[in-house]
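The values are calculated or read from the model by the stated rules, or taken from the named source; none is laboratory data. Every value quoted in this text rests on a predicted model; they were computed, and no experiment measured them. Quick reminder, even Gly has a Cβ in these numbers, built from the backbone with ideal geometry, and neighbours come from all protein chains shown. Accessible surface is based on the protein model in full, side chains and every heavy atom, while ligands, DNA and RNA are left aside. Shrake-Rupley method; radii C 1.70, N 1.55, O 1.52, S 1.80 Å.
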Amino acid sequence: MKKRFLFFFLFIFIHVFPAFSQEAKYIFYLIGDGMGLNQVNLTEIHRAEIENRNSTVPLVFTQFPHVGFASTNSLSNGVTDSGAGGTALAVGKKTKNGVIGMDSTGTIPYKSIAYAAKEKGKKVGIITSVSIDHATPAAFYAHQPNRNMYYEIGKEIIQSNFDFFGGSNFLKPETAVDKKTVPSLFPMFEKAGYKVLKGKEAYAKHPNKSDKIILMNNDGTAKEALKYAIDQEPNDFKLADITSAAINSLQQNSTDGFFLMIEGGKIDWACHANDAATTIQEVLDFNSAAELVYDFYKKHPDETLIVVTADHETGGLGIGNGSSTLQTKLLSHQKVSHTELSRAVGNLRKNNAKASWEDLKSLLSVHTGLFAGIEVNETDNKALHDAYQKSFVDHQNETAKSLYANDDKIAALSIAILNRMGSIAWASNNHSAAYAPVYAIGTGAELFNQKMDNTDIPKKIAIAAKLNLD
Ligand SMILES: [Zn+2]
């Protein structure tokens, strides 16, 4: 009898006690903006198809042992925007579309999981492939009634006192919401002790990695976002560069660990434009950041929690649009994003007043494979030729607007044809109410093994890391 009791206590001590005492010291929270389950699935299917296999080639995070899914509706709508979606993921409360880190009346500020981590002595990093003041990153450090208050959002970096910010740049560093010119945010950041660094070389050369840092893209690059992965040259500034700098910097003097939020912001943009080839490359780009995070986890497996999810799905992406045989392999003929294809078509029209139908066809064949590797049927050929006639000859109807792009009509049409031939269907140019996938590994990851609401995710992280979210 005595012996059995001893074994019982030994069992409790070995198995149960550590489960309650362990807490996540290092927290990684990865958010693919617009990355529904089908965006992930398409990427994995496409990777297998280009190897001529009817299967999937998994991303690093889809192999995590704990998987769930989350509902994403906001307080005001069935379909969320990134303001309310980001707020739910950051603070664990629902709000109205368009609001950042506040209640739906825009009067009560909410505390995010990043502030809870900071309170517990952890270092905090917030990074993205779009601008640092964009809705998703903003929800972790700012509190504003409207996501378009970019200056006011950016200014809250100073009060946050977080340790590392990274992204393309700031959208309105000198313009308040009332459009008045106001003092630039950058000298304010410096005065608050932040080092504003531009490009990966600037970070590499910076002598004191434990400084409070704002890492942005080089001068002369777009403020709105990093380049789409499909358009990047090897030396371009990437989400993985920012991720590796953030992990490196946050590890300095981090006795109590750190919290790092990483957003893949342009999956959403590619999906708003219904551009599947660009979407796949954005998901792979996000996966490269996840690989760096997973490398860190392998070195600290008992103290790290990684959660990967999305704020919502974008586009109502469908894989399979009629035939049982998938043709997503065709998407690899596309070599540039909708943005760059639009630029190329626009340049042809602008620079060559006599650009012929044949000139346009050869441009499309280089960038999309249409008329070259991919045969164009009569209906599509006529649609493209009509668009050429309207836009190049009559100079009408030249552009097609989506949320983040004003694409050339011919570029948008070509991509739509390629997507349809590549077995892809899109329900809309906007967000959908699809469940967001949730993948987790590490300390507390088993909490994510179920169906949940998006507001549960930061609450579960708070439990795993013993943070106070109230
Ligand atoms: Zn969006």
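Brief remarks follow.
- Percent accessible area from carbon and sulfur atoms, region 327-422, protein chains only, probe 1.4 Å: 50 percent
- Of the whole protein surface, residue 435 contributes about 110 Å² of accessible area at a 1.4 Å probe radius.
- Cα-Cα P(r), the chain, percent of pairs per 10 Å interval: 4, 20, 29, 24, 14, 6, 2, 1, 0, 0
- Electrostatic dipole magnitude of the chain [Cβ: Lys, Arg +1; Asp, Glu -1; Cα centre; debye, to 20]: 1180 debye
- Shape category assigned to region 329-446 from the gyration tensor of Cα positions, a/c cut at 1.5: prolate
- Given charges at Cβ of Lys, Arg, Asp, Glu: region 354-454 dipole, positive-most of 413, 367, 355: 413
- For region 413-421, backbone phi angles converted through the Karplus equation (6.51, -1.76, 1.60; θ = phi - 60°) give residue-by-residue couplings of 5, 4, 5, 4, 5, 4, 4, 5, 5 Hz, Gly and Pro being listed as x.
- Estimated from helical segments only, the mean residue ellipticity of the chain at 222 nm is -11500 deg cm²/dmol, where each DSSP H run of four or more residues counts as -39500 (n - 2.57).
- Binning all Cα-Cα separations of region 53-107 at 10 Å, short to long from zero, yields these whole-percent fractions: 24, 35, 21, 16, 4, 0.
- Across 25/195; 122/209; 96/122; 205/335, pairs whose alpha-carbon gap is larger than 24 Å: 25/195; 96/122; 205/335
- Förster radius 22 Å - calculated FRET efficiency between residue 146 and residue 191, Cβ distance, rounded to 0.05: 0.25
- Using the 1.4 Å probe convention, the accessible area of region 327-422 works out to 50 Å² per residue with neighbouring protein chains retained.
- Residue 314 long-range amide H proximity, modeled H, under 5 Å: 36, 432
- Heavy-atom accessible area per residue - region 28-122, 1.4 Å, Å²: 35 Å²
- Fraction of antiparallel bridges per DSSP, the chain only, in percent to nearest 5: 40 percent
- Based on protein heavy atoms only, region 221-314 ends up with 30 Å² per residue of surface accessible to a 1.4 Å probe.
- Each of 71, 130, 112 was scored by the projection of its Cα onto the charge dipole of region 18-157, and the greatest displacement toward the positive side belongs to 112; charges sit on the C-beta of Lys, Arg, Asp and Glu.
- Carbon and sulfur %, accessible surface of region 78-214 computed with the full protein complex present, 1.4 Å: 56 percent
- Region 415-453 and region 210-239 have Cα centres spaced 26 Å apart.
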